[in-house]
């Protein structure tokens, strides 16, 4: 990651987190730098696919190892697909000063700041081509 940052132009960076199963043998957890439509892996761990356990410890270790290479004043957006939309990951990324863009399920709920209860996500953006900002 330090090598990528040393050549990077600008102060905005996009990272992608992904978990990929390689058949029934391995699972690869990877963090990649996104550049011009490509993703270059900068940190990864390979785990056996036949052993069930939470990946929290591995993801946290990967992020902890990457953080020192990224200047604090940079804007870092972290993209992840469904399955990684867990509260602890959101908290970890925001604690690092990074901006999570985690794909979520349409059946999810959301509580705008200052409101007492959660509302369905679809009540904010009820159909395609509509927007909500808040």
(request) Distance from a point 7 Å along Cα→Cβ of residue 6 to each backbone N in the stretch 58-83: keep the residues under 14 Å and list them by number. (result) 69-70
(message) Using the basic label-point model (7 angstrom from Cα toward the beta carbon), what is the residue 133 to residue 56 distance in nanometres?
(response) 3.6 nm
(message) Compute the helix-to-body angle for 56-66: its Cα long axis versus the longest principal axis of the chain, expressed 0 to 90° and rounded to tens.
(response) 70 degrees
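Gain in length, residue 47 to residue 34, computed as 0.36 nm per residue apart minus the alpha-carbon separation, to one decimal in nm?
Here the answer is 2.4 nm.
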(message) Counting only helical runs of four or more DSSP H residues, what would the 222 nm mean residue ellipticity of the chain come to if each run contributes -39,500 (n - 2.57) and the total is spread over all its residues?
(response) -5500 deg cm²/dmol
(request) Read through the labelled values (i) 27; (ii) 43; (iii) 33 and report the label of the one computed as percent of Cα pairs over 23 Å apart from the structure. (result) (ii)
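Taken together, the values in this text are just the output of simple stated rules run on the coordinates, not laboratory data. Owing to the predicted nature of the structure, the values given are computational and were not obtained by experimental measurement. Counting neighbours? That spans all protein chains shown, and the Cβs are built from the backbone with ideal geometry, glycine included.
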